[in-house]
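Each remark here refers to the structure printed beneath this line.
The values are calculated or read from the model by the stated rules, or taken from the named source; none is laboratory data. Given the structure is predicted, the values throughout are model-derived calculations rather than measurements. Here the Cβ positions follow ideal geometry from the backbone for every residue, glycine too, while neighbour counts run over all protein chains shown.
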Amino acid sequence: MIFLFTDFGAADIYVGQVKAVLAAQAPKVPVIDLLHEAPPFNVKAGAHILAALSTQIPQDSVTLAVVDPGVGGPREAVAVLADGRWFVGPDNGLLSVTAARAVAVEVHAIGWKPERLSASFHGRDLFAPVAAMLAGGRRKAAKLEKREQLAVILGADDLPEVIYVDHYGNLMTGIRAAALPRERTLTIEGRTIAHARVFSDAPAGKLFWYENSLGMVEIAASGASAQQMLGFAPGNRVD
């Protein structure tokens, strides 16, 4: 399987072009959309979202991950094998949290280059063909060159910030909930926010935090938008 993780926007013209390449070069491989609304240009948030989502990705799969504001610049294209899962994308930190949390990691620069490479759309012209090669068992064709480590490393630590806002207005943070005691309160904009197990345990319209289905701390409001109540967006700090 090939999984797609981008900040392209599902309604724009870019995702379809990437899928067209994958359909041509890996026609029998299922393609699954993980997310196309990653915070635009925000590599740090994207890296932590990808790391959270990667726990649900099966082994022997390929994830094409693109949040790449430096496309066309000097950063390398890389393929990372992390605990049996391939991740293809830019070496700008996006893959580094997933790599840092993995037990077994291999980092490879991508040596293959297409005949036509758009300066601004490596997701279509470079990353998609390489993802198709890996998914089709054609690793040699990608001309992978082993590296000691990624050039940009964000590390394995949690990120005490909002990293994603869903259409309900729930605020997913980069904090893994397993390390946070349930009696712990969060302080945001002068508000004290307590824990609730699920939405039905919280009073209507009241802010609370809970462990979401990916194991991350998420701030929500029962029957209401936490984003509207707090005015938060990716990058706002959570203490």
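Do we find that Val152 is of a type outside the set (D, E, K, R), in contact with a Ser or Thr (Cβ under 8 Å, 6 or more places away or on another chain) and not in a loop (DSSP other than H, G, I, E, B) in this structure?
Against the criterion (of a type outside the set (D, E, K, R), in contact with a Ser or Thr (Cβ under 8 Å, 6 or more places away or on another chain) and not in a loop (DSSP other than H, G, I, E, B)), Val152 does not qualify.
What number of residues in region 112-131 are more than 19 Å from Asp12 (Cα to Cα) and of a type outside the set (A, V, I, L, M)?
6
Of all residues in region 49-70, count the ones that are more than 11 Å from the chain's Cα centre (by Cα) and of a type in the set (A, V, I, L, M, F, W, C).
Looking only at that region, the number is 2.
Within region 118-148, which residues are within 16 Å of Pro90 (Cβ to Cβ) and loosely packed, with under 13 Cβ neighbours inside 10 Å?
Ala119, Ser120, listed by residue number.
List the number of the failed condition for Ala47; all other conditions in (1) in contact with a helix residue (DSSP H, G or I) (Cβ under 9 Å, 6 or more places away or on another chain); (2) assigned to a loop (DSSP other than H, G, I, E, B); (3) of a type in the set (Gly, Ala, Ser); (4) under 14 Å from Val152 (Cβ atoms) hold.
Of (1) in contact with a helix residue (DSSP H, G or I) (Cβ under 9 Å, 6 or more places away or on another chain); (2) assigned to a loop (DSSP other than H, G, I, E, B); (3) of a type in the set (Gly, Ala, Ser); (4) under 14 Å from Val152 (Cβ atoms), only one is false for Ala47: (2).
From Ala220, Ala178, grab the single residue that is touching a helix residue (DSSP H, G or I) at 6+ places or on another chain (Cβ under 7 Å), small (Gly, Ala, Ser), not assigned by TED's automatic domain parsing to the domain that holds Ala82 and not in a loop (DSSP other than H, G, I, E, B).
Result of the check over Ala220, Ala178: Ala220.
Look through Arg75, Arg85, Arg101 and report the one residue that is in contact with a Pro (Cβ under 9 Å, 6 or more places away or on another chain), modelled with pLDDT of 95 or more and under 30 Å from Ser213 (Cβ atoms).
So the residue among Arg75, Arg85, Arg101 that is in contact with a Pro (Cβ under 9 Å, 6 or more places away or on another chain), modelled with pLDDT of 95 or more and under 30 Å from Ser213 (Cβ atoms) is Arg85.
Go over the candidates Ala194, Ala156 one by one and state the one that is under 17 Å from Asp239 (Cα atoms), surrounded by fewer than 21 Cβ atoms within 10 Å (Cβ to Cβ) and modelled with pLDDT of 95 or more.
Ala194
Examine region 70-84 for a residue that is within 25 Å of Ala233 (Cα to Cα) and assigned by TED's automatic domain parsing to the domain that holds Arg138, and state whether such a residue exists.
Yes: region 70-84 contains one or more residues that are within 25 Å of Ala233 (Cα to Cα) and assigned by TED's automatic domain parsing to the domain that holds Arg138.
Could you check region 30-70 and list, in sequence order, the residues that are touching a residue at least 40 places away in the same chain (Cβ under 8 Å) and either of a type in the set (Lys, Arg) or surrounded by fewer than 17 Cβ atoms within 10 Å (Cβ to Cβ) (or both)?
Scanning region 30-70 gives Lys44, Thr55, Gln56, Pro58.
Residue by residue through region 200-209, note down the ones that are over 25 Å from the mean Cα position of the chain (by Cα) and either surrounded by 14 or more Cβ atoms within 10 Å (Cβ to Cβ) or not assigned by TED's automatic domain parsing to the domain that holds Ala179 (or both).
Ala202, Lys206, Leu207
Has region 171-186 got at least one residue that is hydroxyl-bearing (Ser, Thr, Tyr), more than 16 Å from the chain's Cα centre (by Cα) and surrounded by fewer than 17 Cβ atoms within 10 Å (Cβ to Cβ)?
Within region 171-186, one or more residues are hydroxyl-bearing (Ser, Thr, Tyr), more than 16 Å from the chain's Cα centre (by Cα) and surrounded by fewer than 17 Cβ atoms within 10 Å (Cβ to Cβ).
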